[in-house]
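Working notes, structure below.
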């Protein structure tokens, strides 16, 4: 009996050791809300998922395949065409692989262990244990690792997986906890300092925590960042910049940029006395559209965003 046949047989017999690993297409459809026809199309047309096949031709999906389906759904919800999602997933996987190499391969296992402990605390809504874990993680890692590699991946995972009763409440609990802690850290970094950078979300194109974390990623010993409230009108940013005179205004978006976005940004840039920069996933997707314009793109990866912003303010990075 081949391995695939054995796996298929295990599924039919209800072997727990196998069903923990592989899922038939009907089960994946139930877990993700994506119907089998669409799952097959994502496989055939775009190569987004590659399930194994039994000798009889039935598709079997791994837990990683299911996670990929959720990632695809996440990007589609952000306005990205399904035909373009593959390149984005490949880019994200390459960045994650590069980071694992920098960490010597040991970091990912440790991060997963922290996430499992966090998830246990979230599952019973234990804010005291969550606070303890949060403090321990910060004591062990730099800020970028804490958010980029531990907290935000878990936050995204909980956000995607809200099919079971109670999961939405778990995400809300964790989201509320993180927003309060990140806001507190931003206040500390700004204490007694005049903000040099204003950070604002393009309305409706990111969640509050994503914006706050971006502000924390930009902040440093030499840079104070003021994060404007989500919902800030784009056409009033000129007024705020006139009053506060920042060194730069950074707009943040995690959605696919519309065709009108470059023109909107260029019109805004003409009204400002400071440089206008774009950060978040939209910055990577709009980089070609904005090439040659006055708007600089800072990217979507926390460490890279901070480095590019510092280089731009120091005059060593051009738009």
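Residues in segment 208-243 that are touching a strand residue (DSSP E or B) at 6+ places or on another chain (Cβ under 9 Å) and either without any contact (Cβ under 8 Å) to a residue 24 or more places away in the chain or not assigned by TED's automatic domain parsing to the domain that holds residue 256 (or both): 229 only. For segment 59-72, the criterion of being touching a helix residue (DSSP H, G or I) at 6+ places or on another chain (Cβ under 6 Å) and modelled with pLDDT of 95 or more is satisfied by no residue at all. All conditions but one from (1) modelled with pLDDT under 90; (2) loosely packed, with under 12 Cβ neighbours inside 10 Å apply to residue 8; the one that does not is (2).
Report yes if some residue within segment 96-105 is modelled with pLDDT under 90, surrounded by fewer than 17 Cβ atoms within 10 Å (Cβ to Cβ) and in contact with a helix residue (DSSP H, G or I) (Cβ under 7 Å, 6 or more places away or on another chain); otherwise report no. Yes: one or more hits. The condition of being surrounded by fewer than 13 Cβ atoms within 10 Å (Cβ to Cβ) and free of Cβ contacts under 8 Å to residues at least 60 places away in the same chain holds for only one of 165, 138, that being 165.
Counting residues in segment 131-153 that are within 21 Å of residue 67 (Cβ to Cβ) and more than 18 Å from the chain's Cα centre (by Cα) gives zero. Scanning segment 43-65 for residues that are buried (at least 18 other Cβ atoms within 10 Å of the Cβ) and under 14 Å from residue 23 (Cα atoms) yields 49, 51, 54, 59, 60, 61, 65. Total residues in segment 244-265 satisfying the condition of being over 20 Å from residue 229 (Cβ atoms), surrounded by fewer than 22 Cβ atoms within 10 Å (Cβ to Cβ) and in contact with a strand residue (DSSP E or B) (Cβ under 9 Å, 6 or more places away or on another chain): the figure is 1.
Take residue 228 and decide whether it is under 23 Å from residue 263 (Cα atoms), surrounded by 15 or more Cβ atoms within 10 Å (Cβ to Cβ) and modelled with pLDDT of 90 or more. Considered against the rule, which asks whether it is under 23 Å from residue 263 (Cα atoms), surrounded by 15 or more Cβ atoms within 10 Å (Cβ to Cβ) and modelled with pLDDT of 90 or more, residue 228 comes out as yes. The set of residues from segment 269-285 being surrounded by 21 or more Cβ atoms within 10 Å (Cβ to Cβ) and over 14 Å from residue 202 (Cα atoms) comprises just one member, 285.
Residues in segment 106-116 that are over 18 Å from the mean Cα position of the chain (by Cα), over 15 Å from residue 138 (Cβ atoms) and at pLDDT 60 or above: 107, 109, 113, 116.
Within segment 184-205, how many residues are part of a helix (DSSP H, G or I) and surrounded by fewer than 16 Cβ atoms within 10 Å (Cβ to Cβ)? Residues that pass the stated criteria total 3.
The values are calculated or read from the model by the stated rules, or taken from the named source; none is laboratory data. Keep in mind it's a predicted model, so treat the numbers as computed, not measured. Every residue, glycine as well, gets a Cβ built from its backbone with ideal geometry; the counts of neighbours run over all protein chains shown.
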